[in-house]
Amino acid sequence: MKKLFGWVALSLMVLASAASAEIQTLDRATASHLGNPNSYTVPTVVAFWSLDCPHCKHYLQELGELNRTREQVQVISVAVEPLHKEHGEVLDELRSDGPRYAYGDEVPAVLGYALDPDWRGELPRALFFDGRGNKLTRSGRLSMATVKTLLELDGDASGIE
């Protein structure tokens, strides 16, 4: 029953976030759901970024374009720093329209671990979900051809764990 409630809560948060384009503050429970491959039924990228990371911003812009041209792809952005008014402005400018999150009041290391236990703080970082319960993580800016392959959009399943 707890799992069902968690799924419903995550779905409502994602829908509310996408509809309002507001940035939601991230807590440990939501971070765990965002990092869980069973939370997704469509190809999804959870992209970690920061205001002081120029590579992250360019990557988010490319992922947003992928989201607009391939509607079955969901892009979720997670600012790995406390919520700031600039987050929304930057994401609007980059046309990154998916659900948006920024770190809340919990210890940043706790939130980072809940999102991805293997993450050591490097940016950009992304979690790739194929929508069938599989997950792959990558750091650094990837080409869109590689992103499509990781999401199995081109029929190549290599690389998905």
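The values are calculated or read from the model by the stated rules, or taken from the named source; none is laboratory data. Owing to the predicted nature of the structure, the values given are computational and were not obtained by experimental measurement. Here the Cβ is made from the backbone with ideal geometry for all residues, glycine too, and neighbour counts use every protein chain on show.
Taking the stretch 45-56 as the range and being free of Cβ contacts under 8 Å to residues at least 60 places away in the same chain and either aromatic (Phe, Trp, Tyr) or under 21 Å from Ala31 (Cα atoms) (or both) as the test, only Leu51 passes. For the stretch 95-109, a tally of residues being more than 13 Å from Val75 (Cα to Cα) and either among the aromatic types (Phe, Trp, Tyr) or out of contact with any Lys or Arg (no Cβ under 6 Å at 6 or more places or on another chain) (or both) returns 7. As a summary of the residue check, Ala79 satisfies the conditions (1) in contact with a Lys or Arg (Cβ under 9 Å, 6 or more places away or on another chain); (2) farther than 21 Å from Gly35 by Cβ except for the one numbered (2).
Contact annotation: residue pairs with Cβ atoms under 8 Å, 6 or more positions apart or on different chains, pairing a residue in the stretch 91-105 that is free of Cβ contacts under 8 Å to residues at least 60 places away in the same chain with a partner that is in a strand (DSSP E or B), are Ser96/Val75; Ser96/Ser77. Restricting attention to the stretch 62-77, the residues being touching a residue at least 12 places away in the same chain (Cβ under 8 Å), within 15 Å of Ala145 (Cα to Cα) and of a type outside the set (Gly, Ala, Ser) number 7. Restricting attention to the stretch 99-119, does a residue exist that is in contact with a strand residue (DSSP E or B) (Cβ under 7 Å, 6 or more places away or on another chain) and surrounded by fewer than 13 Cβ atoms within 10 Å (Cβ to Cβ)? Yes, the stretch 99-119 has at least one match.
Among residues belonging to the stretch 52-76 that are part of a strand (DSSP E or B) and out of contact with any Leu (no Cβ under 6 Å at 6 or more places or on another chain), point out the one that is nearest to Gly131 (Cα to Cα).
Here is the first cut: in the stretch 52-76, the residues part of a strand (DSSP E or B) are 74-76.
From what is left, the residues that are out of contact with any Leu (no Cβ under 6 Å at 6 or more places or on another chain) are 74, 76.
Numbers: Gln74: 10, Ile76: 14 Å.
Filtering the stretch 52-76 for residues that are part of a strand (DSSP E or B) and out of contact with any Leu (no Cβ under 6 Å at 6 or more places or on another chain), the one nearest to Gly131 (Cα to Cα) comes out as Gln74.
For Val75, the test of being at pLDDT below 95, β-branched (Val, Ile, Thr), in contact with a helix residue (DSSP H, G or I) (Cβ under 7 Å, 6 or more places away or on another chain) and under 21 Å from Val42 (Cβ atoms) is failed. A Cβ distance below 9 Å, combined with a sequence gap of six or more or placement on separate chains, defines the contacts here; from the stretch 30-44, residues that are closer than 19 Å to Asp118 by Cβ reach residues that are assigned to a loop (DSSP other than H, G, I, E, B) and of a type in the set (Val, Ile, Thr) in the pairs Thr44/Val73. The one condition from (1) more than 19 Å from Leu153 (Cβ to Cβ); (2) surrounded by 19 or more Cβ atoms within 10 Å (Cβ to Cβ) that Glu93 does not meet is (2). Of all residues in the stretch 120-138, exactly one satisfies the criterion of being acidic (Asp, Glu) and surrounded by 16 or more Cβ atoms within 10 Å (Cβ to Cβ), namely Asp130.
Each row is one residue, and each column tells you yes or no for (1) under 15 Å from Leu127 (Cβ atoms); (2) over 16 Å from the mean Cα position of the chain (by Cα); (3) not aliphatic (A, V, I, L, M).
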| position | (1), (2), (3) |
| --- | --- |
| Gly64 | no, no, yes |
| Gln74 | yes, no, yes |
| Leu83 | no, no, no |
| Leu94 | no, no, no |
| Pro99 | yes, no, yes |
| Ala102 | no, no, no |
| Asp105 | no, yes, yes |
| Leu111 | yes, no, no |
